[in-house]
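*Asks:* My questions all concern the structure below.
Quick note: the coordinates plus some simple rules give every number you see, no bench work behind them. Computed from a predicted structure; not experimentally measured. Note: ideal-geometry Cβ built from the backbone for every residue, glycine included; neighbour counts use all protein chains shown.
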Amino acid sequence: MHKLWAVIRREFVSRVRTRMFVIGTVLGPLLILFFMVFPLLLERGQQKVSRVVVVDASTGGLGVRVTEALRGATFAGGADSTPRYQVTRLAAPPEYQPVLDSLVALTDARDAGQESLDGVVVVTDNVMTSDTIRYLGSNAGSPSDMRALERTLRQVVINERLVRAGVDPLLLMSTVRPVHLATAKVTKGQLTGSSGEASFLLAYIMAFVLYIALLLYGMQVMSSVVEEKTSRINEVLVSSLKPFELLLGKVLGVGSAGLVQLGIWVGAGLLLTQNRVAIAARLGVPAPDVANLPIPTISIDLVVVFLLFFFVGFFLYAAAYAAVGAMCSTLQETQQSAMPVTLIVAAAFIAAFSLLQDPNGTLARMLSLVPLTAPIIIPVRYSQSPIGMPELLLSFTLTVLGMLAVAWVAGRIYRIGILAHGKRPGMKELMRWVRAG
């Protein structure tokens, strides 16, 4: 037991003390904070008031109404929000091209000083039939700016057409205004407090983190085995402890390092999401903007399920990767040999998203009982709809049994493979290793 603990401690400490581990552990919470607040800060930073001139070559007051609509447009859509445009209306004759040319010369002209413009809107009566309003501006390549401008102008043109057709625009718009779907997640007859979008986001993040962590730390175990095999260090190690103890210590050591890192990330995510309004307030972001974000709510029981299945799943796949490393003599050989294991992890990751529409369906329940897919499927399902304790215990038990079976096979391959060099063994020889182990 003392020798096993020495291997675990060596593998754990050798990774925790590395600069990359520290950087990765610190970057995790920072990335969570970044993706939570940065979009809002970026949006506020881009709230630049555009100086626009409306060239009015229309009749019937259409240009006046376009000007009023642009002056009333704001970034957040409310009366207290920052205006989008500083608008000047310029009445123009039917032959407005000379006027337009003079205004274009002032657009994005830094040497023009206060007379510099951001864009020019050309309003003519042709819009009633051609459905087109010309805009010439320095921000014409910005999709978000153009969508906002188009929405404002479209509403003015629609109202104008209704008025000219003798239809009351207010009455018609109140009838055909769009309906927005406000989603709320319900689990076992109770509201969870999360929207449907936030629930999907949580499932996506959990599946992605599990997928990356299983691959990353599993390949670390495989690389460590190959490096020790190449340097012949394992020949010295197996003289003082059993090969299975060496395998167990290596997997537990690397797994513990991964569990510590994931625990820090999950704990940081839990604290940041629960205190997101206070954090945003310190960064100058209004509380309503943050409250409206689809930020998922993370419960303690979900964290426990996530970490338990990660550790068991990691042990299962790490043992498989260790067996692959024992089979190979170089890192180049492991890239091809590890492909089946990597494809299984990828298949579980893809399957997790196909089950989001029916997380408690027959296929979801079946995959939850398969040890190779349960480490990813169960946490994703639990984030959508908490699973009953009997099913959860059954899935966990089967995953543990699967982990022990994979570890037993991997241990027998590892016992012979770490001392074997030369040509990579075929399937028949691997079966012989398992039987002889």
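*Asks:* Going by average Cβ density within 10 Å per residue, which order do the peptides 383-394, 322-333 take, highest to lowest? Display every interim value, and only then the final one.
*Replies:* Numbers: 383-394: 15.8, 322-333: 22.0.
Top of the packing list down: 322-333, 383-394.
*Asks:* So for Phe314, Phe353, fewest C-beta neighbours within 10 Å to most, what's the order?
*Replies:* On the way: Phe314 27, Phe353 13.
Starting with the residue having the fewest Cβ neighbours, the order is Phe353, Phe314.
*Asks:* While we're looking at this one, here's another question. Given H placed 1.01 Å from N in the peptide plane, which residues other than close sequence neighbours of Phe75 have an amide H under 5 Å from its amide H?
*Replies:* Thr82, Arg84
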